[in-house]
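Undergrad: Please find one structure pasted underneath; my questions will follow.
Read the figures in this text as sums done on the coordinates, not as results from a lab. Just so it is clear, the model here is predicted, and its values are computed rather than measured. As a convention, Cβ positions derive from the backbone with ideal geometry for all residues, glycine included, and neighbour counts pool all protein chains shown.
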Amino acid sequence: MLLIFDCDGVVLDSMNIHTGAEAAAYNSIGIPVTPAQLVLRFAGYSQPAIAKVLSEETGIAVPPELYGVIKANKKIMFAQGLNPMPGIRAALKELDGMPRCIASGTGVAGLQHTLGMTGLYDSFAPHIYSSEMVARGKPFPDLFLHAAEQMGHAPEDCIVIEDAGAGVKAAIAAGMRVLGFRGGGHCGPGHADHLRDAGAETVFTHMDMLPGLIRGLAA
């Protein structure tokens, strides 16, 4: 059985950094959006996909240089306060021996940077897959199907761990089972319902629960 982990909001408690930097940048060009709105609407989406939707909704063109501003601000904020998800190291150790990988909407360079900063890169490398590697990102199934193919597993032999509705929908579209995680700092009171509505079969709140859930599904 293959375990496919999303990165931001699952392995790393990083979504507040991502959405904070993104919301500040979009507001600076006149697109009103809050970090909470970005979490609920766009978690799991690539930055160009987010920009495309916001631009279509507001009629405000997103200049290409804004991506560079967002990237630079995130690097500063990561250096100040990026942390692994509480309990993730212990959960990975308990699940050691089961094949696993990362499948994330974040770019390859960004994944290498943040996973490296937190000492978690070697826990997944070289099996780290980005939406940059496929034609369509989440909520389409392409990334998860690509990860499974690269790892030599059939979709029905995969369990996805996701914190975002788009990721849950992508996993289901790929024919995979999916666990919804709502333990990140970005998860508000309605986040569990958000994941269930997207189709997560189980929603859990702390990584120390993950090994037991995986064993239950494997059985």
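Undergrad: Net charge near ARG100, counting Lys/Arg +1 and Asp/Glu -1 over other residues with Cβ under 15 Å of its Cβ? Could you put the intermediate results ahead of the total?
TA: Details: positive: ARG89, LYS93, ARG177, ARG215; negative: ASP6, GLU94, ASP96, ASP122, ASP157, GLU162.
Once all neighbours under 15 Å are counted, the net charge is -2.
Undergrad: Which whole-number percent is the relative contact order of the stretch 15-81 (Cα, under 8 Å, 6+ apart)? Let's see the in-between values first.
TA: Numbers: 41 pairs, mean separation 25.0, N = 67.
Value for the stretch 15-81: 37 percent.
Undergrad: Tell me the label only: which of (i) 16.4, 52; (ii) 17.9, 67; (iii) 17.8, 52 is Rg and Dmax of the Cα atoms in Å as calculated from this structure?
TA: (i)
Undergrad: Also, quick follow-up: Mean separation of Cα pairs under 8 Å and 6+ residues apart, divided by the residue count of the chain: what relative contact order is that in percent?
TA: Values: 363 pairs, mean separation 59.1, N = 219.
It rounds to 27 percent for the chain.
Undergrad: While we're here: Report the relative contact order of the stretch 114-219, percent, no decimals, based on alpha-carbon pairs under 8 angstrom and at least 6 residues apart.
TA: Numbers: 134 pairs, mean separation 19.7, N = 106.
RCO, the stretch 114-219: 19 percent.
Undergrad: Let's test the formula: R0 of 35 Å, r as the Cβ-Cβ distance of ASP208 and ASN27. What FRET efficiency results, to the nearest 0.05? The partial results should precede the final answer.
TA: Details: r = 37 Å, r/R0 = 1.06.
Taking R0 as 35 Å, the efficiency between ASP208 and ASN27 is 0.40.
Undergrad: Please give the calculated 222 nm ellipticity per residue for the chain, where each DSSP H segment of at least 4 residues contributes -39500 (n - 2.57) and the sum is spread over every residue; nearest 500 deg cm²/dmol?
TA: That calculation yields -14000 deg cm²/dmol at 222 nm.
Undergrad: Additional query: Taking 20 °C and 1.002 mPa s as the conditions, I'd like the Stokes-Einstein D for the stretch 15-81 in µm²/s, using the Kirkwood hydrodynamic radius from alpha carbon pairs. Kindly include the intermediate steps, with their values, before the conclusion.
TA: On the way: Rh = 11.9 Å.
In µm²/s, the coefficient rounds to 180.
Undergrad: Is the shape of the stretch 158-219 rounded, prolate or oblate, going by the alpha carbon gyration tensor and its root eigenvalues a ≥ b ≥ c, with a/c under 1.5 for rounded and a/b larger than b/c for prolate?
TA: Details: a/c = 2.15, a/b = 1.13, b/c = 1.91.
The shape class here is oblate.
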